[in-house]
Amino acid sequence: MLDELFRNNLSWVERITAKEPDFFEKLAQQQSPEFLWIGCADSRVPANEIMGLLPGEVFVHRNVANLVIHTDMNCLSVLQYAVEVLKVKHILVTGHYGCGGIQSALDNRELGLIDNWLRHIKDIYRLYEKEFEGLDEEQKLNLLCELNVVEQVTNVCHTTIVQSAWKRGQAVSVHGFIFSIRDGILRDMGVNISTLEELAPIYRMQRKSDLLRR
Ligand code: CO
C-alpha cells in the first residue's frame, strides 16, 4: 500500500517535468507564495488541489476546524513567517460545510483531548446563540461552520502580527472562504478585512509610543 504512494509520487514528478522540465530546480531556489491558507485538517479539503495551485504558490496551515487561537504558537508562528518573511498578500481562512470538528462541538459526546480544542467552537455558539433558534440540526451545523470562519478571520486580524503589518503600511488582507464537500465549490463569504479601522475598537492595538504621548 505504501509502495503505491512512491509510485504515485514518481508519476506526479513526470507529469510536472513533462510540462516544465526545470520546475523543481526553480522551486528549490525559493518560495514566494502570495497566499496563506488556514484551513481544516479534513482530508477532503486540500488547499492546493481545490484552488488549482502548484507547489510554491500557497503557504498552508491546517488544524481541526481551522481555528486561530490567540495563544496557539504553532498557528501564530506560521502567520508571522507568512506575513513578515514571505510577505503574503492574502490570508485565506477557509472553513467547510459538514466539518466533523464543528459537528463534535455541537454534540456533547466525549472524544478526549480534542474536546479542549473544540471548546473554542462552543464559545462561538454561545456568542451567537440567538441565531440558532428554530434551526434543524443540519442548518445549525452549516451556520456554525460559517460563523466559525467569520470569527477566525477576526482572530487573525486581532493578532499583533497582522496589526503590526498594517501599521507598517504592508498590504495584507484577510478573507473568509467556505468550501462545500458536496459540490467541490469554494465560495467567498464576503468577509474581507484589510485595515485596522474595520476592527472593533477593543481589539485595535495602539503603539506603545502613542500611549506614552497621551
Ligand atoms: Co473540518
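For the stretch 67-214, how big is the tail of P(r) above 18 Å, as a whole percent of Cα pairs? In whole percent, the share of Cα-Cα pairs in the stretch 67-214 beyond 18 Å is 62. Size estimate for the stretch 1-154 follows the Kirkwood approach: the inverse of mean 1/r over distinct Cα pairs works out to 17.7 Å.
Evaluated with a Cβ-only charge set (Lys, Arg +1; Asp, Glu -1), the stretch 71-197 carries a dipole of roughly 600 debye about its Cα centre, given to the nearest 20. The mean sequence distance of close C-alpha pairs (under 8 Å, at least 6 residues apart), as a share of the length of the chain, puts its relative contact order at 19 percent.
Only four residue types carry charge here, +1 at the Cβ of Lys and Arg and -1 at the Cβ of Asp and Glu. Report the dipole size of the stretch 1-153 about the Cα centre in Debye, rounded to the nearest 20.
Values: 14 positive and 24 negative charges, 64 e Å.
My answer is approximately 300 debye.
Taking the alpha carbon gyration tensor of the stretch 1-88, multiplying each eigenvalue by 5 and rooting it gives semi-axes of 27, 18, 11 Å, largest first.
With only Lys, Arg, Asp and Glu charged, each at its Cβ (+1 for the first two, -1 for the last two), find how big the charge dipole of the stretch 42-101 is about the Cα centre; round to the nearest 20 debye.
On the way: 4 positive and 5 negative charges, 14 e Å.
Rounded to the nearest 20 debye, it is 60 debye.
Quick note: the coordinates plus some simple rules give every number you see, no bench work behind them. As the structure is a prediction and not an experimental result, all values here were calculated from the model. Counting neighbours? That spans all protein chains shown, and the Cβs are built from the backbone with ideal geometry, glycine included.
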